[in-house]
1. Any idea which residue in the range 1-55 is modelled with the highest pLDDT, counting only those that are loosely packed, with under 10 Cβ neighbours inside 10 Å and of a type in the set (G, A, S)?
2. Please work out which one of (1) aliphatic (A, V, I, L, M); (2) surrounded by 10 or more Cβ atoms within 10 Å (Cβ to Cβ); (3) modelled with pLDDT of 85 or more is the condition V59 fails and give its number.
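The values are calculated or read from the model by the stated rules, or taken from the named source; none is laboratory data. Just so you know, these numbers come straight off a predicted model, no measurement behind them. Don't worry about glycine lacking a Cβ; one is built from the backbone with ideal geometry, like all the others, and counts go over all protein chains shown.
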Amino acid sequence: MSDLTSRLSGWMDFANPTRFVGLADKVVPWLATIATLLLAAGLYMSFTAPEDFQQGITVRI
């Protein structure tokens with residue numbers, strides 16, 4: 001088996017739904033937590049952004 005084939009076979013294992021769901025069960029909670037934290041940080045930064053010196057408060061709309 002060549003090096004390329006052995007590397008591809010690792011990824012091809014996730015074509016099996018049982019193995020993919022096993023990986024997804026481990027990864028999705030972490031990704032959801034990261035997405036929630038980034039969303040909260042983005043909302044905080046957007047609501048507390050300073051006014052623009054030329055356009056005033058309309059720059060936040």
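1. S46
2. Unmet for V59, out of (1) aliphatic (A, V, I, L, M); (2) surrounded by 10 or more Cβ atoms within 10 Å (Cβ to Cβ); (3) modelled with pLDDT of 85 or more: (3).
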